[in-house]
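Written out below as structure tokens is the structure these notes cover.
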Amino acid sequence: MNTDRFTVLLFDLATGKGERVQVEGRDRVAGGSGLAALLFDRYGQPGAAWDAPEQPLIFAIGPLTGYFPLMSKTICAFISPYHHQYTESHGGGRSAMALRLTGLDALVVIGRSPGPCFLEVGSTHAHARDCGFLWGLDVFETGKVLRRMSKGSGHRSILRIGPAGENGAAIAGINIDTYRHFGRLGGGAAMGAKNLKAIILQGDGVLQLPQGNRYATLFAEVHNQVTASGMMKKYHDLGTPANLESLNDLQSLPWRNLQATADEAVEHISGQRFAEEALLRNSACSGCPVGCIHVGFVREKFMDSHRYLYRQVSYDYETIFSLGSMLGVTDMSGVLTLLDLFEKAGMDAMSAGVALAWATEATAKGLLSVQETVVPLTFGDCASYRQAAHSFGNGLNEFYRLLGQGALKAAAVYGGEDFACVLGQEMAGYATGEVFFAAQSLGFRHSHLDTGGYSYDQQHADKDVDAAVAFLVRDEASRAFMTSMVACLFARNVYTDTLMAECLQALGYDGLAATIPECAAHIQKLRWQTRFASGFHPASISIPKRFFQVATWKGPIDPQYLQALQAEYGRAICALAGR
Amino acid sequence: MKILTTPRMDRCIGCHSCSLACARLLHHRLSWDTAGIRIHSSGGLTTGFTAVHCLACASPPCAEVCPTGALQPRRDGGVVFKKKLCNRCGACAPACPVDAIFIDREGELFVCLHCGLCIPFCPHDCLELAEASDLRLRLSSNLTEPAS
């Protein structure tokens with residue numbers, strides 16, 4: 001095979017036709033994040049609106065996808081309706097393996113369908129089908145109907161949106177195989193703008209593996225490392241919710257719209273409590289033996305005479321933070337019920353919870369009333385939040401449609417920008433200190449996963465701006481290469497550069513294996529150049545006052561340190577992009 | 001002789017490690033399909049997973065319909081596959097009552113040979129090689145054994 005070329009399907013929804021194209025550049029951009037940026041530069045329209053029909057919606061995997069354990073994620077790239085700039089969202093499930101088994105390195109969807117449709121892609125077919133009957137259905141109903149309409153149970157991936165994506169909510173996500181998501185920054189709306197309700201990836205292809213024993217032996221070594229390491233226990237056992245108690249102990253868990261960073265009530269929503277009382281079972285992305293997906297259950301009595309229904313809801317640290325501590329909701333059933341409502345609507349639960357937390361504090365301050373919120377919002381009042389979640393997720397009034405564009409957009413109209421917990425987008429659940437606040441604010445995806453800023457905060461009490469920024473720049477380059485492979489970041493301690501080079505060599509990517517640091521630096525630069533070209537500038541990001549009023553284990557936030565970090569990291573990013 | 005059994009599929013997390021191992025180690029392919037064990041979701045992810053594989057019939061109907069002797073009954077159940085004898089007629093797959101034989105686009109067939117290569121890759125000990133005679137005894141007495 002030609003290892004320098006990517007096989008890409010360019011599908012135009014306006015014409016219903018696709019074209020397989022070969023794109024060169026493997027040794028320069030690897031795949032995943034790097035490939036997505038390369039493809040956006042080729043097919044994107046940086047000056048056009050996020051919902052312009054010609055804007056591409058890109059799904060890309062890496063050279064190791066499917067060939068090695070935990071190389072199990074997909075990059076989704078698009079112009080975000082949230083900030084109208086280029087962005088990525090990362091997701092797993094079966095999407096990566098299914099895309100690999102279609103024989104593609106990337107799928108690029110352009111154009112707008114004349115009416116609601118779904119796109120099905122396999123190793124020997126690609127077609128769009130009308131599906132007006134699915135428009136308006138929630139994420140789970142959509143999945144059920146599509147499972148009946150297509151073959152390949154368990155050997156396909158179904159990506160779909162709910163009403164939030166159809167309505168253009170800037171925090172609408174794309175659901176992957178029920179329990180995973182391209183959650184953040186509005187990928188759901190990018191799909192909805194194309195009248196694209198769903199994408200079915202049929203993993204029906206068969207790929208030849210390298211001759212000889214080298215590949216199989218290396219696979220077994222990696223598999224053994226993954227399953228023997230503490231990672232297996234950490235992510236399978238309690239999973240990421242184990243962080244709730246530890247961050248609360250560190251005074252770093254946001255409570256009630258970040259009015260506090262610790263609360264004794266954490267014991268009611270701890271990872272341990274969820275595992276003991278709500279965990280139904282674990283699930284996994286295809287090709288990953290870890291099984292980090294935690295599926296909880298909640299039982300609901302909907303009628304007298306003991307008439308019950310039950311829901312199966314996947315939970316993580318971030319969603320327990322956003323719909324639990326951030327809203328002051330401290331019963332597990334309540335958290336899972338809210339989560340289920342946002343899942344059905346196809347709205348990112350992290351962003352939605354943080355936005356609702358802003359609305360709750362705005363209500364307490366008299367900036368909002370039931371005229372806007374439909375029900376009175378009070379921290380801890382789960383019954384009201386249930387009604388609000390339904391109205392919010394489905395965009396049932398003008399206020400909730402505005403809130404669906406992000407808390408700061410609503411605050412610009414109603415006031416309360418000072419306490420909108422937005423760091424480039426609605427915050428992730430890490431009130432660890434100045435480095436994280438600067439890192440999420442300016443991070444490429446405004447994600448806690450762009451860099452390990454939250455970890456740096458926990459390990460450094462000093463205030464060395466240069467050292468912190470140097471760490472962020474270095475760490476981002478390393479992660480950018482991993483997300484170009486596309487590895488699950490849970491495996492970042494297993495997949496060292498040395499191991500990734502061995503894996504690449506085993507598959508014949510000798511050129512890429514020999515130049516990982518250079519390639520990582522190139523990808524980092526390319527991504528930032530792409531983001532800048534679509535309108536980004538660090539100076540446009542402001543950090544709301546609330547983040548300057550926080551106390552963590554290190555004491556009160558140091559405003560000067562945070563401002564210096566923001567300025568210096570912004571300069572470093574400009575330098576990366578050659579600006 | 002031992003046969004592959006799946007006594008603890010209620011533990012399955014759907015990672016496909018077993019079927020990918022079979023495709024990789026026995027057939028030198030990356031595929032969800034070209035494997036002797038294939039994992040499907042049973043009615044969507046919310047209801048768990050099912051393993052499709054040869055259940056080791058004592059008188060395999062696939063071998064009965066094979067015109068070239070490529071599939072021959074294996075002692076204690078299942079089949080032995082002699083690839084060189086296969087004329088790719090495709091008669092075996094529809095004869096299997098549990099859909100355990102996969103035929104690719106070139107007509108090559110893939111069926112479980114009860115070798116057990118997949119077993120070490122299951123993170124939850126769902127799979128097991130068992131003596132056919134023990135298994136039939138166990139089934140007849142309706143016992144469920146815990147994992148070792």
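Taking every DSSP bridge with both residues inside the protein assembly as shown, close to 90 percent are antiparallel. Shown in residue order for the stretch A:51-60 are the 3J(HN,Hα) couplings computed by the Karplus curve 6.51 cos²θ - 1.76 cosθ + 1.60 at θ = phi - 60°: 9, 5, x, 6, 5, x, 10, 10, 10, 9 Hz (x for Gly and Pro).
Peptides A:506-516, A:420-430 ranked from most to least packed give A:420-430, A:506-516, packing being the mean of other C-beta atoms within 10 angstrom over each peptide's residues.
Of A:Lys17/A:Lys151; A:Lys144/B:Lys83; A:Lys409/A:Lys525; A:Lys301/A:Lys365; A:Lys151/A:Lys233, which pairs sit farther than 32 Å apart, going by alpha carbon to alpha carbon? Walk me through the numbers before you get to the answer.
On the way: A:Lys17/A:Lys151 22 Å; A:Lys144/B:Lys83 40 Å; A:Lys409/A:Lys525 30 Å; A:Lys301/A:Lys365 35 Å; A:Lys151/A:Lys233 35 Å.
Result: A:Lys144/B:Lys83; A:Lys301/A:Lys365; A:Lys151/A:Lys233 exceed 32 Å.
Here r is the Cβ-Cβ distance between A:Ala412 and A:Asp41 and R0 is 35 Å; the resulting FRET efficiency, rounded to 0.05, is 0.65. Amide H contacts under 5 Å for A:Leu209: B:Arg29, B:Leu30, restricted to partners 5 or more places along the chain or on a different chain, H placed in the peptide plane at 1.01 Å from N. Of the solvent-accessible surface of chain A, computed with a 1.4 Å probe over protein heavy atoms with every protein chain present, carbon and sulfur atoms account for 49 percent.
What does the helix-only formula give at 222 nm for chain B: each DSSP H stretch with n ≥ 4 adding -39500 (n - 2.57), the total divided by the residues, and the result rounded to the nearest 500 deg cm²/dmol? Write out the running numbers ahead of the final one.
Values: 4 runs with 28 residues, N = 148.
Counting only the DSSP helices, I get -4500 deg cm²/dmol.
Peptide B:31-38 has a mean of 5 when you count, residue by residue, the C-beta atoms of other protein chains within 10 Å of its C-beta.
Ligands, DNA and RNA are left out, and with a 1.4 angstrom probe the accessible area of chain B is 46 Å² per residue. Oblate is the label for the stretch A:259-335. Its Cα gyration tensor axes, ordered a ≥ b ≥ c, give a/c of at least 1.5 and b/c at or above a/b. Amide H contacts of B:Cys54 (H built 1.01 Å from N, in plane; Pro and chain starts excluded): B:Cys112 sit under 5 Å, all sequence-distant by 5 or more or on other chains.
For chain A, calculate the relative contact order in percent as a whole number, restricting contacts to Cα pairs under 8 Å that are 6 or more residues apart.
Working: 1300 pairs, mean separation 93.9, N = 579.
Computed value for chain A: 16 percent relative contact order.
Grab the beta carbon distance between A:Gln549 and A:Asp331, set R0 = 35 Å, and tell me the FRET efficiency rounded to 0.05. Let's see the in-between values first.
On the way: r = 28 Å, r/R0 = 0.80.
For A:Gln549 and A:Asp331, the calculated efficiency is 0.80.
Solvent exposure of the stretch A:254-344, expressed per residue, is 36 Å² of accessible area, with all protein chains present and a 1.4 angstrom probe. A straight line joining the Cα centroids of the stretch A:357-378 and the stretch B:1-70 runs 55 Å.
Have a look at A:Leu367, B:Thr6, A:Gln549 and report the one farthest towards the positive end of the charge dipole of the protein assembly as shown, computed about the Cα centre with Cβ charges (Lys/Arg +1, Asp/Glu -1). So the residue furthest toward the plus end is B:Thr6.
Can you give the local net charge around A:Leu367? Use residues other than it whose beta-carbon is closer than 12 angstrom to its beta-carbon, Lys and Arg +1, Asp and Glu -1.
-3
Taking 0.36 nm per residue of separation and subtracting the Cα-Cα distance, full extension of the segment from A:His268 to A:Ala470 would add 68.8 nm. The order of A:Lys17, A:Lys409, A:Lys234 by accessible area, most exposed first and with a 1.4 Å probe, is A:Lys17, A:Lys234, A:Lys409.
Applying the criteria of a DSSP loop state and at most 14 other Cβ atoms within 10 Å to the GluC sites (Glu not before Pro) of the stretch A:4-81 yields A:Glu54.
For chain B, the longest principal axis of the alpha carbon atoms and the long axis of helix B:132-141 meet at an angle near 50°.
Roughly how crowded by other chains is peptide B:8-21, in terms of the mean Cβ count from those chains within 10 Å of each of its Cβ atoms?
Values: counts 0, 0, 1, 3, 5, 13, 13, 12, 12, 9, 1, 3, 7, 4.
Taking all residues of B:8-21 together, the mean is 6.
List the GluC sites (Glu not before Pro) within the stretch B:77-132 that DSSP assigns to loop and that have no more than 11 neighbouring Cβ atoms inside 10 Å. For GluC sites (Glu not before Pro) across the stretch B:77-132 that sit outside H, G, I, E and B with at most 11 neighbouring Cβ atoms in 10 Å, the list reads B:Glu106.
Of the trypsin sites (Lys or Arg not before Pro) in the stretch A:126-164, the ones in a loop by DSSP (not H, G, I, E or B) with at most 15 other beta carbons within 10 Å are A:Lys151.
Computed over protein heavy atoms with a 1.4 Å probe, the accessible surface of the stretch A:40-159 works out to 28 Å² per residue. Under the simplified labelling scheme, the A:Thr15-A:Phe133 pair shows an inter-label distance of 3.0 nm, with each label point 7 Å from Cα along Cα→Cβ.
Report the full-extension gain for the segment A:Cys574 to A:Met149: residue separation times 0.36 nm, less the Cα-Cα distance, to one decimal in nm. Kindly include the intermediate steps, with their values, before the conclusion.
On the way: separation 425, 0.36 × 425 = 153.00 nm, distance 4.84 nm.
Contour length minus the Cα-Cα distance gives 148.2 nm.
Taking the chain by itself as reference, the stretch A:94-110 contains these residues with an accessible-area loss of 30 Å² or more in the full protein complex (1.4 Å probe, heavy atoms): A:Arg94, A:Met97, A:Leu101.
Taken one residue at a time, the phi angles of the stretch A:272-286 give Karplus couplings (6.51, -1.76, 1.60, θ = phi - 60°) of 4, 5, 4, 5, 6, 10, 10, 5, 8, 5, 10, 9, 9, 6, 5 Hz. Gly and Pro are set to x.
Pairs of Cα atoms under 8 Å, at least six residues apart: use those to get the relative contact order of the stretch A:53-135, whole percent. Here the relative contact order equals 29 percent. Measuring heavy-atom accessible area with a 1.4 angstrom probe and counting protein chains only, the residues of the stretch A:289-324 that give up at least 10 Å² relative to the chain alone are A:Pro289, A:Gln312. Using a Förster radius of 51 Å, what is the FRET efficiency between B:Arg88 and A:Asp51 based on their Cβ-Cβ separation? Nearest 0.05, please. Efficiency at R0 = 51 Å is approximately 0.50.
Rounded to the nearest 20 Debye, what is the dipole magnitude of chain A about its Cα centre when Lys and Arg each give +1 and Asp and Glu each give -1 at the C-beta? Don't skip to the end; give the middle numbers.
Values: 49 positive and 55 negative charges, 292 e Å.
My answer is approximately 1400 debye.
For the stretch A:207-302, the gyration tensor built on C-alpha atoms gives a prolate shape. Its axis ratio a/c (a ≥ b ≥ c) is at least 1.5, and a/b is the larger of a/b and b/c. Excluding same-chain neighbours fewer than eight residues apart, the lysines reachable from A:Lys463 by a Cα-Cα span under 18 Å are A:Lys554. Excluding ligands, DNA and RNA and using a 1.4 Å probe, chains B and A jointly bury around 2900 Å² of accessible surface, summed across both partners. Going by accessible surface with a 1.4 Å probe and the largest first, A:Ser123, A:Ser80 read A:Ser123, A:Ser80.
Counting alpha carbon pairs within less than 8 Å and at least 6 residues apart, what relative contact order, in whole percent, applies to the stretch A:234-313? All intermediate terms of the calculation are to be shown ahead of the outcome.
Details: 111 pairs, mean separation 19.8, N = 80.
Here the relative contact order equals 25 percent.
If you take all other residues with their beta carbon under 15 Å from the beta carbon of A:Ala431, and give Lys and Arg +1 and Asp and Glu -1, the sum is -4. For the stretch A:522-565 versus the stretch A:1-46, the spacing of their alpha-carbon centroids is 31 Å. Helices meeting the span-like rule in chain A (full DSSP H runs, Cα extent of at least 24 Å along the helix axis, mean Kyte-Doolittle score of 0.0 or higher): A:465-485, A:559-576.
Peptide A:278-288 shows a mean partner chain C-beta count of 5 within 10 Å per residue C-beta. The Cα atoms of chain A give a gyration tensor whose axes a ≥ b ≥ c have a/c under 1.5, which makes the shape rounded. Excluding same-chain neighbours fewer than eight residues apart, the aspartates and glutamates reachable from B:Lys82 by a Cα-Cα span under 14 Å are B:Glu108.
Would you calculate, for chain A, the mean residue ellipticity at 222 nm contributed by helices, counting each DSSP H stretch of 4 or more residues as -39,500 (n - 2.57) and dividing by all residues, to the nearest 500? Spell out each step's value before the answer.
On the way: 24 runs with 234 residues, N = 579.
About -12000 deg cm²/dmol.
The values are calculated or read from the model by the stated rules, or taken from the named source; none is laboratory data. Model, not experiment: these values are computed from the prediction. In this analysis, Cβ positions are derived from the backbone assuming ideal geometry, glycine residues included, and neighbour counts consider all displayed protein chains. Remember, those area values only see protein heavy atoms, side chains included, never the ligands or the DNA or RNA. Shrake-Rupley method; radii C 1.70, N 1.55, O 1.52, S 1.80 Å.
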